[in-house]
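Notes to accompany the following structure.
The values are calculated or read from the model by the stated rules, or taken from the named source; none is laboratory data. As the structure is a computational prediction, the values presented were derived from the model and not from experiment. Methodologically, a virtual Cβ is constructed for each residue, glycine included, from the backbone with ideal geometry; neighbour enumeration extends over all protein chains shown.
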Amino acid sequence: MKTIASCVEDIIVSSPFLEEGLSQQIINFSALAINLNKPISEMLRKPVKNGAIMMALRRYQRPINLENSFHLNKVFKNLGDITVRSNLSDFTFQNSNTLIHSHSRILEKIGTNHHVFYAFTRGIFESNIIISTSEKKNILKAFENETQIGLQDELSAISIYLPKGNSKIVGLYYQIFKRLAWENITLYEVVSTTNEFTIVVEDHLIDKAFSVIKRLKD
């Protein structure tokens, strides 16, 4: 049976920012109770009192996994090098039977040039290539027979080297995404390997994004 407390919990759990604000005690319980009155009344199909909602908010206890929190802090303290690359372009192509051949052509072109940034991601229906803008003409030539869906210039990337074992840490990426979102930073692309994590943002956001990532180690 649904109760005011269970409704409050459902709403908070589905709103990470709200849960974070409550845990840091930066949200006015009275104002929030008024704001939640309508959705909770609809969930229970009956009118509810703001006081009852406020009481449920005060009693709500955020699940805390102390062991995982310790591991998270340890990972952030031991983050490796943070590398920034600018002047990038993002190409999106429709998947085809010949796409892999086009891909191999560009790899042959840039294979020995270690100064070129290159990331390739293949999805079910489309594939993305993030590459140094200096190679734009080579990409267009190599993929001239493919169906291009999108192109975005003026991008920058921040790559982070993660400690080994990071894939076992619950909430690691969530913490990174949350802090970027708090700063109103929109991610254009995300690329990851086992021990590397790269975010791609538009150029005008790179300084703010780098500041957020750097503070992860503090």
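Are any of the residues in region 198-213 over 30 Å from residue 97 (Cβ atoms) and more than 20 Å from the chain's Cα centre (by Cα)? No, region 198-213 has no match at all.
Residue by residue through region 158-194, note down the ones that are closer than 18 Å to residue 215 by Cβ and charged (D, E, K, R). 178, 179, 183, listed by residue number. One residue is enough: does region 126-148 have a residue meeting the conditions acidic (Asp, Glu) and touching a Gly at 6+ places or on another chain (Cβ under 9 Å)? Scanning region 126-148 turns up at least one residue that is acidic (Asp, Glu) and touching a Gly at 6+ places or on another chain (Cβ under 9 Å). When we screen 52, 119, 142, 56 for residues that are touching a Lys or Arg at 6+ places or on another chain (Cβ under 6 Å) and either surrounded by 12 or more Cβ atoms within 10 Å (Cβ to Cβ) or closer than 26 Å to residue 187 by Cβ (or both), the only hit is 142. Taking region 187-203 as the range and being assigned to a loop (DSSP other than H, G, I, E, B) and under 17 Å from residue 84 (Cβ atoms) as the test, the residues that pass are 187, 188. Counting residues in region 101-114 that are within 21 Å of residue 194 (Cβ to Cβ), crowded, with 19+ Cβ neighbours inside 10 Å and in contact with a Ser or Thr (Cβ under 9 Å, 6 or more places away or on another chain) gives zero. Residues that are without any contact (Cβ under 8 Å) to a residue 24 or more places away in the chain, polar (S, T, N, Q) and not in a helix (DSSP H, G or I) within region 94-126 comprise 97, 112, 113, listed in sequence order. If you go through region 16-55 and keep only what is modelled with pLDDT under 90 and part of a helix (DSSP H, G or I), you end up with 16, 17, 18, 19, 20, 21, 22, 23, 29.
Here's the yes/no breakdown for (1) surrounded by 13 or more Cβ atoms within 10 Å (Cβ to Cβ); (2) assigned by TED's automatic domain parsing to the domain that holds residue 119:
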| position | (1), (2) |
| --- | --- |
| 8 | yes, no |
| 12 | yes, no |
| 18 | yes, no |
| 24 | no, no |
| 36 | yes, no |
| 41 | yes, no |
| 48 | yes, no |
| 93 | yes, yes |
| 97 | no, yes |
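Yes/no matrix, rows are residues, columns are (1) outside any helix (DSSP H, G or I); (2) at pLDDT below 90:
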residue	(1), (2)
137	no, no
156	yes, no
163	yes, yes
175	no, yes
178	no, yes
205	no, no
212	no, no
